[in-house]
Amino acid sequence: MNQSYDVAIIGGGINGASIAYQLSKRDKKVIILEKKQLACQASSAAAGMLAAQAEIEQDGPLFQMALKSQAMFPDMANELFELTGIDIELVQKGMLKIAETEEIAIEAKQQVLFQRNWDSKIQWLDSAEIREMEPALSPNVAGGMYLPNDGHVQPEKLTAAFAKAAVQIGTQIRENTEVLSILFKNGQVKGVKTTNGDIHCEQVVVATGAWAGQLLRESGLDVPLYPVKGECFSIKTETPLINRTIFSDKRCYLVPKRNGEIYIGATMIENTFDLNVTPGGLATLIERATKLIPEIKDMAWERVWAGVRPQTGDGLPYIGEHPEWKGLFVAAGHFRNGILLSPITGKLVADLLGGKQDPIISAFKLERHLETVQ
Ligand code: FAD
Ligand code: GLY
């Protein structure tokens, strides 16, 4: 088997798959190395919200990158469908960001003014107006913000579509292959050592999500990257209970999927890779969700799951080349928004490997936290 490539991508999550797709489009010979199976971690646990405006409340490089990435979805959905036949289930009905109390509503109205700088169609809705849009909402909610551009996708299907499209234009994927270390010679990447032998290449992209810190540390680099576990559950309804995503805050949202499931998430538990779903976590989610949509409690239970978000010290991802080791690139730490950011991450990283650096990524560079392990 040929073990020489232009680029080895470590990690078969949504970011690894998107980067592989964009690199293959640029005629690079690429291999994805995945410890287990494609999309087996955060990229299948995600709710798939494209919540640039619900999740990010201030302007800056992350917000601007999120808006750009969100705008890429309609074309990307068509492009991937034409290439692979996979429908990523893009839903563009918008999101309602709920203010549960009058106190929260005061702050939320300030957000409406800020978010209108980016989209004049954003509106504040009072309790009656918001219930006209979504009649299942509790009469106790004070109101909310309508964000027409914050849609959602099916994240596992999007990862599969990126991967399948990449394979169709030359990428190879090796699952059940863990990368143990990165190989260097004279400050230049020479390949990776895996559980299935060495791979030779001059460029490596670390796209291992919450595990990136670990792999980089083993290579002598200390970058603050840690897991934040999120537990979710879903119910299934025969007729739609809600039509749009209901987003209360970062610990409670309901996303109505095309297959009739409503994803309800998610807890935030720091510093654990444990994927068990606990009764305590579920109880909190159920309590919060039924306060918003009381009928939830009578709906058919579907499933539970958990995943780990890759968080960084300052909430910004790492996208860039190592300042000293030529050929070592990182694309990790997308925390709560890795699905939303995946189209643009693929493009920015593929450009970077080709020597073209978009100014937006200077905010995400590795050096901002780089410490060398002695
Ligand atoms: P991952 O998907 O974690 O992939 C990393 C891969 O690397 C894994 O498959 C792992 O097995 C592999 N790996 C690790 N170490 C090695 C090694 N040494 N060798 C080989 N392979 C290795 N984002 C949104 O945009 N919208 C949402 O609505 C949303 N909801 C979320 C809800 C929950 C509950 C969670 C947990 C996350 C959510 N996210 C959401 C965040 C999003 O899921 C992540 O930011 C994104 O999936 C990260 O993708 P990734 O490819 O970087 O990492
Ligand atoms: N973005 C949703 C979550 O991380 O739970």
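What's the center-to-center distance, using Cα atoms, between the stretch 254-308 and the stretch 327-344 in Å? With the stretch 254-308 and the stretch 327-344 each reduced to a Cα centre, they are spaced 24 Å. Binning all Cα-Cα separations of the chain at 20 Å, short to long from zero, yields these whole-percent fractions: 30, 56, 14, 0. Sorted largest first, the spans of the alpha carbon positions of the stretch 280-327 along the three principal axes are 57, 21, 18 Å.
Kindly state, to the nearest 0.05, the FRET efficiency for E82 paired with N259, given R0 = 30 Å and r defined as their beta-carbon distance.
0.85
Taking only the C-alpha atoms of the stretch 146-228, the Rg (one decimal) and the largest Cα-Cα distance, Dmax (whole number), read 16.5, 54 Å. The C-alpha atoms of the chain define a longest principal axis, and helix 61-84 lies at about 80 degrees to it.
Going 7 Å from the Cα of E57 toward and past its Cβ, which residues in the stretch 247-263 have a backbone nitrogen under 20 Å from where you end up? From the stretch 247-263, the list is 247-254. When the alpha carbon gyration tensor of the stretch 198-259 is reduced to an equivalent ellipsoid, its three semi-axes come out at 39, 16, 9 angstrom, largest first.
I'd like the FRET efficiency for Q357 and L282, computed as 1/(1 + (r/R0)^6) with the beta carbon distance as r and R0 of 41 Å, rounded to 0.05.
Working: r = 44 Å, r/R0 = 1.08.
With a Förster radius of 41 Å, E is 0.40.
What percent does the relative contact order of the stretch 258-363 come to when contacts are Cα pairs within less than 8 Å and at least six residues apart? If you can, show how the numbers build up before the last one.
Numbers: 84 pairs, mean separation 19.2, N = 106.
Contact order relative to length: 18 percent.
How far, in degrees from 0 to 90, does helix 279-292 lean away from the longest principal axis of the Cα atoms of the chain, to the nearest 10? Once rounded, the angle reads 50 degrees.
Once C-alpha pairs closer than 8 Å and six or more residues apart are averaged by separation and normalised to the residue number of the stretch 1-123, the relative contact order reads 16 percent.
Pairwise over distinct Cα atoms, reciprocal of the mean inverse distance: report the Kirkwood radius of the stretch 219-343 in Å, one decimal place. Please report the intermediate quantities before stating the final value.
Numbers: mean 1/r = 0.0614 Å⁻¹.
Evaluated over the stretch 219-343, this radius sits at 16.3 Å.
Contact order, relative form, for the chain: 24 percent (alpha carbon pairs under 8 Å, 6 or more residues apart, mean separation divided by residue count). Just to compare against my own numbers: the Cα pair-distance distribution for the stretch 1-93, 10 Å bins, whole % per bin, please. The calculated distribution, bin by bin, is 13, 36, 38, 11, 1.
Put the Cα centre of the stretch 6-27 next to the Cα centre of the stretch 175-193 and the gap is 16 Å.
We did not get these values from a lab; they are worked out from the coordinates using the rules stated. Computed from a predicted structure; not experimentally measured. All Cβ positions, even for glycine, are placed from backbone atoms using ideal geometry, and neighbour counts span all protein chains on display.
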